[in-house]
Amino acid sequence: MSRDDTSVLLLGTGGPWVSAERFGPSTLIRHGDERLLFDTGRGVGIRLVEAGEEPAQVNPVFITHHHLDHISDLADVMITTWLRGRTADLLIYGPPGTEEIVDTLVNKVYAKDIEWRSVGEPAFGGWKPVQAKDIVPGDAVETANWRVSCAYAVHGHGLNFSKEFKNNWKCLSYRFEAKGKVICVSGDTVDCAGLRSMAEGADILVQCCFASSAETRGNSHLNDVATFTLADAAQAATIAKECAIGHLVLTHLRPKSEADLAALEAEVRETYLGALTIGRDMTTVSLPEKPG
């Protein structure tokens, strides 16, 4: 992979349900020899190795929100990257509360494991720390090669939660920019202003898409999910069309038959006619090559 090559690898395209076909939500952006990981769903380390990726190369990690299916393997990523040879501090960014979660995992939940391997297995060279940082809209992570910005996304905020819960429930969409190219990772969200600000004009939009109208029709629970929690096919297609997305990539898919997937694709195609990928684990989507 050359220094300027950029692609998206869907490591996990499922959700909180356990599936052998769709692991937990996790997306890898490969930019030259750098590896940026978005969310750490169930089985992310396994998928990295299956894809021929070296876990030690993953850095930084961006968390969209703190639901189980998006952070269940966060500790695994922190420890496995070290055991596989990570020498630099692992940088972890996410919405408010991320620092506390990482501190708890390192200093309480896995403190004995880390000390045992660090002291008892000196071949690993001692613990290589992690640095977590809570970020909010307006913050950006930037290097000489790329920039990642974020915006708040709407994920369940219209449900009947207490005001206190809603004030503390922060979810992010991300925008990756490098060499004039843009990739948006929606995280879990319905159509909202924050997502659109991150997705506008993106070459690739990795968009959560729970179901098609054929699946939600007549089911009050699934209708509520599509209204308040996770975008459905119609929303994903509208976002892609109105934000002038080059390539729409659907992920976070509810368990589906092949007929369900076909119905999902057909519904998107009623509105959006650009490049489309219905995500499956281990799918790679590359940025368009530069002309000439």
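For this structure, a couple of remarks:
- Residue count, the range 251-275 (criterion: in contact with a helix residue (DSSP H, G or I) (Cβ under 6 Å, 6 or more places away or on another chain) and of a type outside the set (D, E, K, R)): 5
- When restricted to residues that are in contact (Cβ under 8 Å) with a residue 24 or more places away in the chain, more than 25 Å from LEU28 (Cβ to Cβ) and not hydroxyl-bearing (Ser, Thr, Tyr), the range 238-259 contains 2.
- Residue match in the range 276-284 (condition: part of a helix (DSSP H, G or I), out of contact with any Ser or Thr (no Cβ under 6 Å at 6 or more places or on another chain), surrounded by fewer than 20 Cβ atoms within 10 Å (Cβ to Cβ) and at pLDDT 95 or above): no
- Complete set of residues in the range 80-113 that are β-branched (Val, Ile, Thr) and surrounded by fewer than 23 Cβ atoms within 10 Å (Cβ to Cβ): THR80, THR87, ILE101, THR104, VAL106, VAL109
- Evaluation of GLY194 against (1) assigned to a helix (DSSP H, G or I); (2) under 12 Å from ARG254 (Cβ atoms) (one fails), failing number: (2)
- Residue that is surrounded by the most Cβ atoms within 10 Å (Cβ to Cβ) [pool: residues in the range 155-194 that are aliphatic (A, V, I, L, M) and more than 13 Å from the chain's Cα centre (by Cα)]: VAL190
- Summed over the range 7-40, residues that are buried (at least 21 other Cβ atoms within 10 Å of the Cβ) and either among the small types (Gly, Ala, Ser) or not in a strand (DSSP E or B) (or both) total 11.
The values are calculated or read from the model by the stated rules, or taken from the named source; none is laboratory data. Given the structure is predicted, the values throughout are model-derived calculations rather than measurements. Cβ: placed from backbone, ideal geometry, glycine included. Neighbour counts: every protein chain shown.
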